[in-house]
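Below: the structure, in structure tokens.
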Amino acid sequence: LLIAYTGGKAVAGVRGGVMGAISAMGVIVGSPSTPMFIGAMIMGPLGGFVIKKFDQAVEGKIKAGFEMLVNNFSIGILGAILTCIALVVIGPVVEAGNNVMEAGVNFLVEHGLLPLTSILIEPAKVLFLNNALNHGIFTPMGMNEVAEAGKSIFFLLEANPGPGLGILLAYCIAGKGSAKSSAPGAIIIHFLGGIHEIYFPYILMNPTLILATIAGGAAGVFTNVLLGSGLTAAASPGSIIAILGMCPKGEYLPVLAGVTVATVVSFVVALPLLKMFGKDEDVKAAQEKVSNMKSQAKGIANTNRSVQGNTSNEKVKKIVFACDAGMGSSAMGASVLRKKLKQAGLNDIEVVHASVSEIPTDSQIVVTHEELQERARTSHPNAQLVLITNFMNAPQYDELVEQLKKNQ
């Protein structure tokens, strides 16, 4: 229900969240024996979308005094219809899909072929499909296994930071130019911060390195199968800290062994590939490419507009970085700008990060990705927007700092 509410709220605010939670009851009741994470992930945004379109259709057409009646009855009636659809159609389809996937994974487990999942997982990461795999497939299956065995290897299939760590270590040794100099910092963000997205540009600079991540991922999975490793719940983000926090008591070494083996194998395969095919490419250009790919993966065109709106002469006290969830990308961007402001002597400006749907009302400047422009305007229409394409190395940060220095 929380997943459905959050999905609906992201689409249409609180009304969307309520609608999503109501409609998700259909898949939950229809399949009581199967965890309906995927069903909730479908019905939540769908419920929000339906109520959003309804509200847009009736806007300005409701007689004065009947607004509350229409608002309440619309959620009840549309929610009931969607619940029935979820019960009769969505629930059985999702359950059948879960059964097929579970049978497929069980086949791989029984025949010792689970490491082959890395052939799908590692390329999917770079294409930004990792969350769909991890939380849509592996997490529900992992929860089922935890209920029976107390732990599950499925939580380690995608979250293992070893393959990406091996790539970054290879760049530290055999990289060139800015790629080599930026790799150590990326290691900290990736391994400790759990933001795997940070190493994607390094693969795009040399696509053959995907072979190294596949080899490392498969080796890590094989080690986990061999040692019987598993976690008690999903580790999110994929930080080594979060992974160790989800380890069963006294079983840290097997999990660490899986991460270590994945790192070593990925590094050993990546090093010669990097020496043979490595180029002196610009990391910023690769990060821009990743940003564009992320937009396309979400079905949103990149607008290629750098900044919209300039800071006014009003003294700025609060800047908010906004991304989808308000955690990963925006947190990194806020940290970068905070450091630049400190270097410029602007210590009295508060820089925070938040979800694009929950931008604080007292924020004066909102820094967000171009693809989130409309959502940011809807969430906080009075704030001045700074649109970027890369949270880590946006040139707009320096422009913003200069403007703030003049205005302050």
Between Gln343 and Lys315, what's the calculated FRET efficiency when r is the beta-carbon distance and R0 is 25 Å? Round to 0.05.
0.80
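Shape of the chain from its Cα gyration tensor (a ≥ b ≥ c, root eigenvalues): rounded if a/c is under 1.5, otherwise prolate when a/b > b/c, or oblate?
Numbers: a/c = 2.20, a/b = 1.07, b/c = 2.05.
Here the chain falls in the oblate category.
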Can you give the longest stretch of the chain with no exposed loop site, where a site means trypsin sites (Lys or Arg not before Pro) in a DSSP loop (not H, G, I, E or B) with at most 13 other C-beta atoms within 10 Å?
64-248
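Please state, as a whole number in µm²/s, the translational diffusion coefficient that the Stokes-Einstein equation yields for the stretch 230-272 at 4 °C and 1.567 mPa s, with Rh defined as the Kirkwood radius across alpha carbon pairs. Write down the numbers at each step before the final one.
Numbers: Rh = 11.2 Å.
Rounded to a whole number, D works out at 116 µm²/s.
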Which links in Lys318/Lys339; Lys151/Lys249; Lys317/Lys339; Lys317/Lys406; Lys125/Lys151; Lys318/Lys342 stretch past 20 Å when you go from one Cα to the other?
Lys125/Lys151
FRET E, pair Val88, Asn382, Förster distance 41 Å, beta-carbon r, rounded to 0.05
0.40
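How big is the stretch 104-160 by the Kirkwood estimate over distinct Cα pairs, in Å?
Details: mean 1/r = 0.0859 Å⁻¹.
It works out to 11.6 Å.
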Mind giving me the nanometre distance, one decimal, between the label points for Asp55 and Phe277, set 7 Å out from Cα along Cα→Cβ?
4.8 nm
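Mean separation of Cα pairs under 8 Å and 6+ residues apart, divided by the residue count of the chain: what relative contact order is that in percent? It would help to have the intermediate numbers written out before the result.
Details: 718 pairs, mean separation 50.9, N = 408.
Taking the mean separation of contacting Cα pairs over the length of the chain, I get 12 percent.
Tell me, in nm to one decimal, what length is gained between Ile188 and His111 on full extension, where the rule is 0.36 nm per residue of separation less the Cα-Cα distance? List each step's numbers first, then the result.
On the way: separation 77, 0.36 × 77 = 27.72 nm, distance 3.67 nm.
Full extension of this stretch gives 24.1 nm more.
Rounded to the nearest 500 deg cm²/dmol, what is the calculated helix-only ellipticity per residue at 222 nm for the chain, with -39500 (n - 2.57) per DSSP H run of length n ≥ 4?
Details: 18 runs with 248 residues, N = 408.
Roughly -19500 deg cm²/dmol at 222 nm, from the helical runs in the chain.
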Hey, rough spin-label estimate for Glu148 and Leu120, points 7 angstrom out along Cα→Cβ, what's it come to in nanometres?
1.9 nm
Using only Cα atoms, locate the centre of the stretch 11-87 and the centre of the stretch 225-259, then give the distance between them in Å, rounded to an integer.
38 Å
In Å and on Cα atoms, what radius of gyration and Dmax does the stretch 38-117 show?
20.1, 67
Using θ = phi - 60° and Karplus 6.51 cos²θ - 1.76 cosθ + 1.60, couplings along the stretch 5-11 (whole Hz; Gly, Pro as x):
4, 5, x, x, 5, 5, 8
How much FRET efficiency would the formula 1/(1 + (r/R0)^6) give for Lys63 and Val14, where r is the Cβ-Cβ distance and R0 is 25 Å, rounded to 0.05?
0.60
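Coordinate-derived values only; no laboratory data. Model, not experiment: these values are computed from the prediction. Virtual Cβ from ideal backbone geometry, glycine too; neighbours counted across all protein chains shown.
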